[in-house]
1. Would it be correct to say that VAL237 is at pLDDT 95 or above and surrounded by 24 or more Cβ atoms within 10 Å (Cβ to Cβ)?
2. Would you please name the residue that is nearest to VAL381 (Cα to Cα), looking only at residues in the stretch 289-315 that are touching a Ser or Thr at 6+ places or on another chain (Cβ under 9 Å) and of a type in the set (Ser, Thr, Tyr)?
3. So which residues in the stretch 260-296 are part of a loop (DSSP other than H, G, I, E, B) and either not assigned by TED's automatic domain parsing to the domain that holds VAL311 or not hydrophobic (A, V, I, L, M, F, W, C) (or both)?
4. Name the residues in the stretch 363-392 that are exposed (fewer than 14 other Cβ atoms within 10 Å of the Cβ) and charged (D, E, K, R), would you?
5. Here are the criteria: (1) over 21 Å from VAL118 (Cβ atoms); (2) crowded, with 24+ Cβ neighbours inside 10 Å. Tell me which single one ASP199 does not satisfy.
6. Among the strands (runs of 3 or more DSSP E) confined wholly to the stretch 128-245, which include 2 or more residues that are among the hydrophobic types (A, V, I, L, M, F, W, C) and either over 16 Å from the mean Cα position of the chain (by Cα) or assigned by TED's automatic domain parsing to the domain that holds HIS332 (or both)?
7. Please tell me if THR350 is outside the structural domain of ALA146 (by TED's automatic domain parsing), over 22 Å from CYS111 (Cβ atoms) and at pLDDT below 95.
Amino acid sequence: MVPMGAIRFADQPAPKETKRMGANHAPNKIEVNRPFVALNALAYIKQVLESSWLSPGGPMAHAFEAKLGEYVGGQAMLVNSGTSALEMAIRAAARVYGVKEGSIVVPAYTCPDCAISVIKAGFKPVFADVDPQRLCITAESLEMVAAAVKDVVGVMVIHLYGMTPALDVYQVARSRGIFIVDDVAEGIGARPGGFNLLDLTDVAITSLRGEKPLPTGTGGVVMTRHEGIAGMVQSMVGLNSPKGFNRYYTFDMAYSYEYPELLAALGLAQLEMYPAMVQERRALAQQYREAGVTHYFDTSTDIPWKLPVRVMDSRKAWETARLAGVEVSPPHWPLHQLPFLRKYHQISPTVTSKYMLPVSESLRAKMVAFPLWPGMTPEQVGRVVSVVNAVT
């Protein structure tokens with residue numbers, strides 16, 4: 001239960017020493033992530049409560065989608081999670097490309113939800129290696145897997161920790177005629193090579209979970225400039241039926257992945273502050289670099305989410321940081337080594353070669369992610385730098 005004193009209502013003045021709301025946190029522990037909450041969030045939420053519209057698809061959700069669309073330069077459609085967004089994006093892109101089955105290339109070093117969304121959409125994940133510095137899928141690995149696996153129909157390009165992929169990844173995908181789904185759950189607004197992402201991809205998604213750069217607690221967004229893909233997503237998210245008297249005459253199977261109106265109110269407020277939060281993230285990445293921390297963010301195009309650092313031993317680094325009061329994110333487990341996904345890697349001798357994914361496999365033992373979030377103080381940055389120096 002949240003104590004009433006922890007809540008500041010819209011008609012109360014903001015505390016002078018802060019520019020964003022936030023929960024109380026342990027004073028000595030540095031969390032790996034601390035979400036910002038816009039000061040006008042309660043005012044927007046109050047509007048929803050006073051309107052009595054609590055169902056999905058209300059005016060606040062439409063306003064949030066419109067503002068998101070303006071921000072990314074395309075159409076934006078809210079769904080209930082990032083994983084649902086990926087599933088909807090894959091299903092819609094596949095229909096537009098006219099494919100009903102096949103394999104989708106997924107980077108091996110990422111979270112399992114990415115592969116799970118492929119399976120839920122009715123396709124098979126097949127895994128490719130990543131760049132050792134930028135942690136994104138490479139054109140070489142995509143080309144190698146697409147040559148070895150004859151039924152590749154799409155590729156998922158993941159912007160891990162907010163880092164953008166090289167442009168030649170998109171060129172390989174286009175040359176092979178496969179659809180592209182970008183996962184920018186950790187960095188909405190990033191610009192690969194300085195380009196608007198929607199100029200390069202067929203469809204992109206982001207996550208609105210509480211720990212992500214644009215946090216609302218939960219949710220996801222599908223973004224595209226392709227009218228066909230947008231229409232498919234809209235028809236699948238909610239009840240696909242006409243308005244009015246015949247609203248229950250449903251045209252096709254839908255998934256009830258709608259986004260709550262109350263969270264849309266929070267999201268609208270968060271988005272207003274988001275550009276400033278991106279600049280804070282980029283400034284923090286630069287501070288870390290100037291303090292001697294080696295990382296590979298491009299602070300002109302990337303959206304730094306957490307601070308991935310190569311360490312001597314990931315498990316020891318995790319324990320050292322914990323004892324120092326610094327929370328870190330452990331490394332991902334390579335997807336092709338997870339028991340429930342291993343069978344998707346056993347497609348051909350080329351793909352199952354132990355040399356196929358050397359970078360992804362090595363990162364498990366050598367990578368952790370340190371705190372990087374808006375509002376970090378110089379003292380907190382200094383403490384993180386001290387831990388980084390001790391484990392690298």
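The values are calculated or read from the model by the stated rules, or taken from the named source; none is laboratory data. Only a predicted model underlies this, so the values are computations on that prediction, with no experimental measurement involved. Every residue, glycine among them, receives a Cβ derived from its backbone with ideal geometry; neighbour counts consider all protein chains shown.
1. Values: at pLDDT 95 or above: no; surrounded by 24 or more Cβ atoms within 10 Å (Cβ to Cβ): yes.
Considered against the rule, which asks whether it is at pLDDT 95 or above and surrounded by 24 or more Cβ atoms within 10 Å (Cβ to Cβ), VAL237 comes out as no.
2. Initial filter on the stretch 289-315 (touching a Ser or Thr at 6+ places or on another chain (Cβ under 9 Å)): 289, 293-294, 298, 301-303, 306, 308-312.
From the residues that got through so far, the ones that are of a type in the set (Ser, Thr, Tyr) too are 294, 301.
Numbers: THR294: 14, THR301: 22 Å.
In this case the residue turns out to be THR294.
3. Going through the stretch 260-296, the residues part of a loop (DSSP other than H, G, I, E, B) turn out to be 260, 291-296.
Across the stretch 260-296, the qualifying residues are PRO260, GLY292, THR294, HIS295, TYR296.
4. Within the stretch 363-392, GLU379 is the sole residue that qualifies.
5. (2)
6. Working: elements: 152-158, 179-183, 203-207, 220-224.
Result: 152-158.
7. Numbers: outside the structural domain of ALA146 (by TED's automatic domain parsing): yes; over 22 Å from CYS111 (Cβ atoms): yes; at pLDDT below 95: yes.
The answer is yes for THR350.
Okay, residues lined up against (1) in a helix (DSSP H, G or I); (2) over 22 Å from the mean Cα position of the chain (by Cα); (3) among the basic types (Lys, Arg):
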site	(1), (2), (3)
LEU49	yes, yes, no
LEU54	no, yes, no
ALA63	yes, no, no
TYR71	yes, no, no
MET77	no, no, no
SER84	yes, no, no
MET88	yes, no, no
ALA94	yes, no, no
